[in-house]
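Engineer: What follows is a single structure, and I will ask about it in a moment.
What follows draws every value from the coordinates through simple rules; no lab data is involved. Please read all numbers here as calculations on a predicted model, not as lab measurements. Every residue, glycine as well, gets a Cβ built from its backbone with ideal geometry; the counts of neighbours run over all protein chains shown.
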Amino acid sequence: MSKSIYGLKKEHLEALSELEFAEDDEEINAALTRIQGDVIRKLDFLTTILAEAITNADISKEAYRSATERLGKNKKRDERTVEKLRKFILLICVDFNIPKFKGEILSVSHNLTPGTLIFSDKFDIDLVPDEFVTVVPEHKEVDNKALVERLRAGIYRPELKKLDPDVAMVTDGYLPGIMLERKESLRVS
């Protein structure tokens with residue numbers, strides 16, 4: 001009858017405690033040898049299971065790594081495809097002057113982005129008015145938000161309640177070397 005490892009441990013401890021009072025060392029040694037043999041068979045069985053579990057864990061790790069890598073590549077490819085299609089559709093809409101298109105599944109429209117700041121080679125922070133500059137003890141930093149607001153204010157059309165849809169580049173003589181660049185963007189709904 002197979003004994004549990006806990007039962008074997010109990011037998012082992014009992015045999016060790018009996019060793020103190022034992023008159024016949026051979027009997028105690030035989031019990032310890034039998035218990036040790038049972039323990040070794042249990043360990044052999046358990047290490048075999050451990051080896052199998054380690055192998056399964058390694059296989060799972062490799063499968064996970066491989067699947068993650070494959071799915072990552074698929075994700076990147078799919079994102080590139082979406083980006084290329086968006087650019088192609090935007091190009092067609094701009095080239096053929098189609099501001100909005102309603103398809104069976106998706107609708108698209110295009111317009112200029114709100115714009116991003118561009119600093120030319122001639123940009124000199126010392127020429128920027130103080131209201132658009134933050135002075136940090138070591139140096140001056142441009143207040144991009146204030147600059148963008150100033151440049152956008154120059155192309156805001158109150159009658160449209162939005163920025164002029166036809167102005168792609170904004171400059172201001174008051175802000176030398178700074179431009180607001182607006183690019184075409186595609187909106188999908």
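Engineer: Over the Cα atoms of the range 108-178, each weighted equally, I'd like the Debye log10 I(q)/I(0) at q = 0.14, 0.21, 0.23, 0.28 Å⁻¹, rounded to two decimals.
Structural biologist: Computed log10 I(q)/I(0) values: -0.50, -0.93, -1.05, -1.37.
Engineer: Can I ask one more? Measure out, as a whole number of angstrom, how far apart the alpha-carbon centroids of the range 70-102 and the range 140-189 sit.
Structural biologist: Cα centroid to Cα centroid, the span is 25 Å.
Engineer: To the nearest 10 degrees, how steep is helix 144-153 against the longest Cα principal axis of the chain, on a 0 to 90 scale?
Structural biologist: Roughly 40 degrees between the two axes.
Engineer: Can I ask one more? At 37 °C and a viscosity of 0.692 mPa s, what translational diffusion coefficient does Stokes-Einstein give for the chain, taking Rh as the Kirkwood radius over Cα pairs? Give it in µm²/s as a whole number. Display every interim value, and only then the final one.
Structural biologist: Details: Rh = 25.2 Å.
Once the numbers are plugged in, D ends up at 130 µm²/s.
Engineer: Take the Cα gyration tensor of the range 57-145, multiply each eigenvalue by 5, square-root it, and list the three semi-axes largest first, rounded to whole angstrom.
Structural biologist: Values: eigenvalues 350, 185, 23 Å².
Here the semi-axes work out to 42, 30, 11 Å.
Engineer: Using mean Cβ contacts within 10 Å as the protection proxy, how do 39-47, 111-119 order, highest first? Mind showing how you got there, number by number?
Structural biologist: On the way: 39-47: 11.8, 111-119: 14.7.
Taking the mean over residues of other Cβ atoms within 10 Å, the ranking is 111-119, 39-47.
Engineer: To continue, here is another question. Tell me the Kirkwood radius of the range 33-100: reciprocal of the mean inverse pair distance over distinct alpha-carbon atoms, in Å.
Structural biologist: Numbers: mean 1/r = 0.0583 Å⁻¹.
When all Cα pairs of the range 33-100 are included, the Kirkwood radius is 17.2 Å.
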